[in-house]
1. Please go through region 206-243 and pick out each residue that is in a loop (DSSP other than H, G, I, E, B), modelled with pLDDT of 90 or more and exposed (fewer than 15 other Cβ atoms within 10 Å of the Cβ).
2. Give region 167-191 a look and list any residue that's outside any helix (DSSP H, G or I) and modelled with pLDDT under 95, or say none.
3. Of the residues 222, 255, 249, 240, which single one is touching a residue at least 12 places away in the same chain (Cβ under 8 Å) and under 25 Å from residue 41 (Cβ atoms)?
4. Given region 30-118, what helices (runs of 4 or more DSSP H) lie entirely inside it while holding 2 or more residues that are closer than 22 Å to residue 325 by Cα?
5. Just to be sure, is residue 157 touching a residue at least 12 places away in the same chain (Cβ under 8 Å), surrounded by 19 or more Cβ atoms within 10 Å (Cβ to Cβ) and part of a loop (DSSP other than H, G, I, E, B)?
6. Is it the case that residue 217 is under 23 Å from residue 81 (Cα atoms), free of Cβ contacts under 8 Å to residues at least 40 places away in the same chain, in contact with a helix residue (DSSP H, G or I) (Cβ under 9 Å, 6 or more places away or on another chain) and assigned by TED's automatic domain parsing to the domain that holds residue 99?
7. Please go through region 128-154 and give me each residue that is in a loop (DSSP other than H, G, I, E, B) and in contact with a helix residue (DSSP H, G or I) (Cβ under 7 Å, 6 or more places away or on another chain), ordered by number.
8. With (1) in contact with a helix residue (DSSP H, G or I) (Cβ under 7 Å, 6 or more places away or on another chain); (2) modelled with pLDDT under 95; (3) more than 17 Å from residue 118 (Cβ to Cβ) as the list, and residue 7 as the residue in question, which single condition is left unmet?
């Protein structure tokens, strides 16, 4: 049985309250779909850059953006690592839009398989580790932490997931997500991809907070700004079997919620700015197109012309702007052309 040691300190309680206020404020506001799409795209780019950078990937953000946009056929491992993370993130966001994602060992294995695809041998991709691993201190260049034996990993993961799922209604979701993140790192269940998998799985747990726009966040960015501090709080030192009973999750939970607040502030400010940008604000006519597609599944120019009094060139511009923003896609040619949602 997994029983984490932590206290709801005054700082942690204050952080939880602040986050609750932020979420309530964001959920009570309306943002155009164009704004949300633009910010989600940016968040994905930052997340792919930050989460892989934490693990030592040297590619700068500008290069990460280029790779995600072009998806080159012949790539190096550093580029594949970025594309894998972005693919896993897009899949997770798509699943979250369909409803809450239930965290199971199976779903975690799928995440790890996606982030390590083509980077490690198949034997270790999508499977719990079958051998020992060590965590090294990159500065001191010596072993910092010895995770549990691989024979104990399945039971430890089962206990962790049982704790999370049985306490969904009893413990604050922020605390649960934070405990999951740290304990996952402590268990170190995979030969490779532990950090990336932990951060993606934590994102799924946090999405269950009820924040409609959580796909716009990149809390990985907060960790990447001070990687040493992140590892200091999320990691442990020594032998797992010597320190497992003494692990105190409180300092990490305070740091973890600090990161959520930092990202909430950033996203809130960006939403305010983007909401008043002419390029991303939709006209009432363009919103009519999206509303019709949402209700009927598609729209054609002939249908649109019956809904609004606009010239042919103006209608074309409306469709093109929505395509440019990634909100809809054009299917077919000529009179058979229809437009459908790209979400």
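1. Within region 206-243, the subset in a loop (DSSP other than H, G, I, E, B) is 208-213, 217-218, 225-226, 235-237.
Next, only the ones that are modelled with pLDDT of 90 or more stay: 225-226, 235-237.
Matches in region 206-243: 225, 226, 237.
2. Restricting attention to region 167-191, the residues satisfying the condition of being outside any helix (DSSP H, G or I) are 167-172, 188-191.
Across region 167-191, the qualifying residues are 167, 168, 169, 170, 171, 172.
3. On the way: 255 fails: under 25 Å from residue 41 (Cβ atoms); 249 fails: under 25 Å from residue 41 (Cβ atoms); 240 fails: under 25 Å from residue 41 (Cβ atoms).
Only one candidate passes the filter, namely 222.
4. Details: elements: 33-54, 61-70, 77-97, 105-116.
It comes to 33-54, 61-70, 77-97.
5. No: the conditions fail for residue 157.
6. Working: under 23 Å from residue 81 (Cα atoms): yes; free of Cβ contacts under 8 Å to residues at least 40 places away in the same chain: no; in contact with a helix residue (DSSP H, G or I) (Cβ under 9 Å, 6 or more places away or on another chain): yes; assigned by TED's automatic domain parsing to the domain that holds residue 99: yes.
Criteria not met by residue 217.
7. First pass over region 128-154, keeping only residues in a loop (DSSP other than H, G, I, E, B): 128-134, 138-141, 147-149.
Answer for region 128-154, where residues must be in a loop (DSSP other than H, G, I, E, B) and in contact with a helix residue (DSSP H, G or I) (Cβ under 7 Å, 6 or more places away or on another chain): 128, 129, 130, 131, 132, 147, 148.
8. (2)
The values are calculated or read from the model by the stated rules, or taken from the named source; none is laboratory data. Since the model is a prediction, treat every value here as computed from it, not as a measurement. Note: ideal-geometry Cβ built from the backbone for every residue, glycine included; neighbour counts use all protein chains shown.
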